[in-house]
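Heads up, the thing below is written out as structure tokens.
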Amino acid sequence: MNALSPNDPPQAPADPRRVRLSDYAPFSHNVTAVHLTFALHPSATKVTAQLHMAPNAAAQGGQDLRLDGVELRLLSLRIAGKALDVTPDETGLTIPAALLPQGPFVLESEVEIAPEGNTALEGLYMSRGMYCTQCEAQGFRKITFYPDRPDVMSRFTVRIEAGAGHAALPVLLSNGNLAASGQGWADWVDPWPKPAYLFALVAGDLIAHQGRFTTMSGRDVMLNIYVRSGDEGRCAWAMESLVQSMAWDEKVYGREYDLDVFNIVAVDDFNMGAMENKGLNIFNSKVVLASPDTATDDDFARIEAIIAHEYFHNWTGNRITCRDWFQLCLKEGLTVFRDHQFSADLRGADVRRIEDVIALRARQFREDAGPLAHPPRPSEYIEINNFYTATVYEKGAEVIGMLKTLVGDAAYAKALDLYFARHDGDAATIEDWLAVFTDATGRDLTQFSHWYFQAGTPQLSLREDWDAQAGRLTLTFTQVNPPTPNQPHKDPKVIPIATGLLGQNGAEILPTQVLEMTKSQQSFHFDGLAARPVPSILRGFSAPVILSQETDLARHAFLLAHDTDSFNRWESGRALALASLRAAITQGAGPDTRLLDGLAAVLRDEGLAPAFRALCLKLPSEDDMAGHLHAAGITPDPQAIHGARRQLIGALAQRLAPDLPSLLAANAPEGTFSA
């Protein structure tokens, strides 16, 4: 395995809150099993924990045992039945090494917490009479004293006791499979090791919308979506999305669900959009409930994507988790990439890719260009909850997409199979992930790893040279990786540039091939050409870069009319629209007829998906236009931008007027949203 390491930033001033990747060390002890008992009470829930522990051979021996714990009232603490006199501090408690057995032991504790007063919505809290948990990233420490870190994985057994005063808590849920239950109590057993951040508990007066799924090995899985009374009629789409996700993960990744039941709970008060707790996903109600009477197509698509994302975490996040929070993009980037693939397969790859790039440019590119720019795998943090960024999620997914492009579909599938086989039940790192691809494909990924360890968006420029006598086209690319906070210098990245060539008649004379750029400046030659072709560069947005090239509006019009790559066709239309708006704002020019003609041709092309045609007709927003002007050194005038955009919309409406009635009739809504 190649030793890969980030470009370490200059040492920051001492800050006791600062956590550094370079300080990582294995935890002093393993936790082989956890038994939790919850005696629920709104203001005085008692949590009894039995932790089966043993010294960790991978850690330095003879260490004190440090357990995290916040806002816990310690009632008792024992090892092997013997009480310990240990006083907690504000963030946990420390048991001196002298009090610890040399071999395995059982640590028992009892604490009291107040769920109804937990307004931070971390740990165990109450939402309109329902008990609920949120433990990622560091919420479990508000439940009991525990090593609250992702590399401590254990098997959990949980008993939930509602008590005599909780007649309105008929549903008692936790991770894993239901082992036994009775009036006011339930026992849950999760056979798979997990870190504490994946622990979940829900107790309340809920109704289950039920379904079933038969896995590829023939196992029958019970599916439940738990909601409050009155919401059960808005669960059907979420259930259909869950079944689609389970089937897709089996077909595309060979990943079969591994418990007897899969539960989803809709909660009104929930900090995260959704959470992938093992076997018990918890969702904010707005991303699981939908009715055709009130929800839009976008609402249905968003629910489908989020249901899929959290389900896919079962393998990429749960069965294989991250060793520490610096590796967050390992589980999130991979799972975002997987949910993008899922939506592309169900909804259309071209449209999904364009939508993903629009979101990437709007959020992640701006993050890269600002004072908070950071790599997908940062090297330090102060507040972990600020770690959940567009760079970690969206750019993390883009890096995986580039890796798949570089190695090819077959090699990617082979590497993923190896990843699941090698790291099942493991807390992995980016180095582990890249080592799998190195071992599966034989590629040296040392340079590619810069994408994980360097911040900023590469700026890619292109120069074209045509030698008519030799019939040779030369494309020369230059990459610049601008300085970002704490990273003034960056080495060149590996950039996959998907490229095709079009003839002057619009026919494709060279199908898409991937040019692999590895240097600061690099040329690629295309020989045997009868006439100068029109290059189509960065097809499918094959790398998250900012591309500038020698081109003009006539070429954009040509690509809008003829490019066989849907992304570049849309991109050319967008470039024409931006240029037309800019000319209107700065010169008082009227709408560009080439843009109007090109969009009319797209609208009339019934061979194109309606969603793609709709995206092409959607003009850049006023915010997009302001950013475009600012990048060109022009001070944006909001009133002028608004007026120019309205003028272009009016001209486009007039140009398309003959086609719109039949188009509306052909695309009238039919029934409810469906796959």
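Here is how the numbers come out for the structure above:
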{"quantity": "Tabulated pairs, the range 385-411, first farther than 19 Å from Val494 by Cβ and without any contact (Cβ under 8 Å) to a residue 40 or more places away in the chain, second in a helix (DSSP H, G or I) and open to solvent by 20 Å² or more (accessible area, probe 1.4 Å), C-beta under 8 angstrom, 6+ apart or interchain", "calculated": "Thr389/Glu367; Ala390/Arg363; Ala390/Glu367"}
{"quantity": "Residue check for Ile546: within 30 Å of Ala373 (Cβ to Cβ), modelled with pLDDT of 95 or more and open to solvent by 10 Å² or more (accessible area, probe 1.4 Å)", "calculated": "yes"}
{"quantity": "Which numbered condition Thr316 misses (of (1) under 18 Å from Lys404 (Cβ atoms); (2) open to solvent by 10 Å² or more (accessible area, probe 1.4 Å); (3) touching a Leu at 6+ places or on another chain (Cβ under 8 Å))", "calculated": "(2)"}
{"quantity": "Odd one out for Leu615 among (1) open to solvent by 70 Å² or more (accessible area, probe 1.4 Å); (2) in contact (Cβ under 8 Å) with a residue 60 or more places away in the chain; (3) under 30 Å from the mean Cα position of the chain (by Cα)", "calculated": "(1)"}
{"quantity": "Some residue of the range 457-474 being crowded, with 21+ Cβ neighbours inside 10 Å, in contact with a helix residue (DSSP H, G or I) (Cβ under 7 Å, 6 or more places away or on another chain) and within 30 Å of Arg18 (Cβ to Cβ)", "calculated": "yes"}
{"quantity": "Filter result for Thr335 (of a type in the set (S, T, N, Q), without any contact (Cβ under 8 Å) to a residue 24 or more places away in the chain, open to solvent by less than 20 Å² (accessible area, probe 1.4 Å) and farther than 22 Å from Ile207 by Cα)", "calculated": "no"}
{"quantity": "Pairs with Cβ under 6 Å, 6+ apart, first in the range 429-452 and over 13 Å from Ala413 (Cα atoms), second among the β-branched types (Val, Ile, Thr) and in a helix (DSSP H, G or I)", "calculated": "Leu445/Thr438; Trp451/Val399; Tyr452/Ile430"}
{"quantity": "So Pro88, is it at pLDDT 95 or above, in contact with a strand residue (DSSP E or B) (Cβ under 6 Å, 6 or more places away or on another chain) and assigned to a loop (DSSP other than H, G, I, E, B)", "calculated": "yes"}
{"quantity": "Within the range 365-458, helices (runs of 4 or more DSSP H) holding 2 or more residues that are in contact with a Phe, Trp or Tyr (Cβ under 6 Å, 6 or more places away or on another chain) and of a type outside the set (Ser, Thr, Tyr)", "calculated": "396-407, 430-441"}
{"quantity": "Number of the exception - Glu332 against (1) more than 16 Å from Ala274 (Cα to Cα); (2) at pLDDT 95 or above", "calculated": "(1)"}
{"quantity": "Scan of the range 1-31 for residues that are at pLDDT 95 or above, within 30 Å of the chain's Cα centre (by Cα) and of a type in the set (S, T, N, Q), ordered by number", "calculated": "Ser22, Asn30"}
{"quantity": "Criterion violated by Ala179 - all others in (1) free of Cβ contacts under 8 Å to residues at least 24 places away in the same chain; (2) open to solvent by less than 30 Å² (accessible area, probe 1.4 Å); (3) closer than 14 Å to Gly279 by Cβ satisfied", "calculated": "(2)"}
{"quantity": "Meets criteria (open to solvent by 60 Å² or more (accessible area, probe 1.4 Å) and modelled with pLDDT under 95) for Gln521", "calculated": "no"}
{"quantity": "Any chance Phe437 is under 30 Å from Lys194 (Cα atoms) and of a type in the set (Phe, Trp, Tyr)", "calculated": "yes"}
{"quantity": "In the range 623-652, the residues that are open to solvent by less than 80 Å² (accessible area, probe 1.4 Å), farther than 12 Å from Ile585 by Cβ and either out of contact with any helix residue (DSSP H, G or I) (no Cβ under 8 Å at 6 or more places or on another chain) or of a type in the set (Asp, Glu) (or both)", "calculated": "Asp624, Gly627, Gly633, Ile649, Gly650"}
{"quantity": "Residue tally, condition open to solvent by less than 10 Å² (accessible area, probe 1.4 Å) and either closer than 14 Å to Trp248 by Cβ or charged (D, E, K, R) (or both), over the range 300-312", "calculated": "5"}
{"quantity": "The lone exception for Trp237 - which of (1) buried (at least 19 other Cβ atoms within 10 Å of the Cβ); (2) farther than 14 Å from Val288 by Cα; (3) touching a Pro at 6+ places or on another chain (Cβ under 9 Å) it fails", "calculated": "(2)"}
{"quantity": "Residue among Val243, Val265 that is closer than 18 Å to Gln210 by Cβ and surrounded by fewer than 20 Cβ atoms within 10 Å (Cβ to Cβ)", "calculated": "Val243"}
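The values are calculated or read from the model by the stated rules, or taken from the named source; none is laboratory data. Computed from a prediction, not measured in an experiment: that's the story for all the values here. Neighbour counts are summed over all protein chains in view; Cβ atoms, including those assigned to glycine, are modelled from backbone coordinates with ideal geometry. Protein only, heavy atoms only, side chains kept; ligands, DNA and RNA dropped before computing areas. Shrake-Rupley method; radii C 1.70, N 1.55, O 1.52, S 1.80 Å.
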